[in-house]
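Written out below as structure tokens is the structure these notes cover.
Readers should treat all values here as calculations from the given coordinates under stated rules, not as data from a laboratory. Everything quoted here is computed from the prediction, not taken from an experiment. Cβ sites come from the backbone with ideal geometry, for glycine too, and all protein chains shown count toward neighbours.
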Amino acid sequence: MAITKGAKKAHRQSLRKNAMNVTRKLAVRASLKVVRTAPKGDVKAIAGAYQAIDKALKRGIIKKNTAARRKAKVARALKTN
């Protein structure tokens, strides 16, 4: 367990950051689930998934190529033709 005052603070911060990272990751997962059940060409589903993926990328939860791959998969899944 943390002994010094600074170590205790760092531990508290890491717990808060971990909670936010988990929330953001779950948002990405939920948006991809919505995409799987959405009809072809559903603009709201695409926008929601892109927003969740971009926020996760911005916060460093997923890497750049992972974000690009997931966005491409969403676009492919909801393509109209």
Fill in the blank from the handout: Listed by chain and number, the lysines with an alpha carbon less than 21 angstrom from that of residue 9, same-chain partners under 8 positions apart left out, are 17
Handout entry: Residue (of 81, 21, 52) at the positive-pole extreme of the chain, dipole from beta-carbon charges
Key = 21
Problem - Magnitude of the charge dipole, the stretch 5-77, Cβ model with Lys/Arg +1 and Asp/Glu -1, debye to 20 - result: 400 debye
Fill in the blank from the handout: The extension gain from residue 43 to residue 11, computed as 0.36 nm times the residue separation minus the Cα-Cα distance, is 7.4 nm
Practice task
Sum -39500 (n - 2.57) across every DSSP H segment of at least 4 residues in the chain, then divide by the residue count to get the 222 nm mean residue ellipticity, nearest 500.
Solution key: -27000 deg cm²/dmol
Exercise for the section: Take the chain, compute every pairwise Cα distance, and split them into 10 Å bins from 0; I just need the percent in each bin. Expected result: 18, 38, 22, 13, 7, 2, 0
Fill in the blank from the handout: Over 18 Å (Cα to Cα) among 44/64; 58/79; 33/73; 8/55; 33/64 -> 44/64; 58/79; 8/55; 33/64
Exercise for the section: List the trypsin sites (Lys or Arg not before Pro) within the chain that fall in a DSSP loop (any state other than H, G, I, E or B) and whose Cβ has at most 13 other Cβ atoms within 10 Å. Expected result: 40, 59, 63, 79
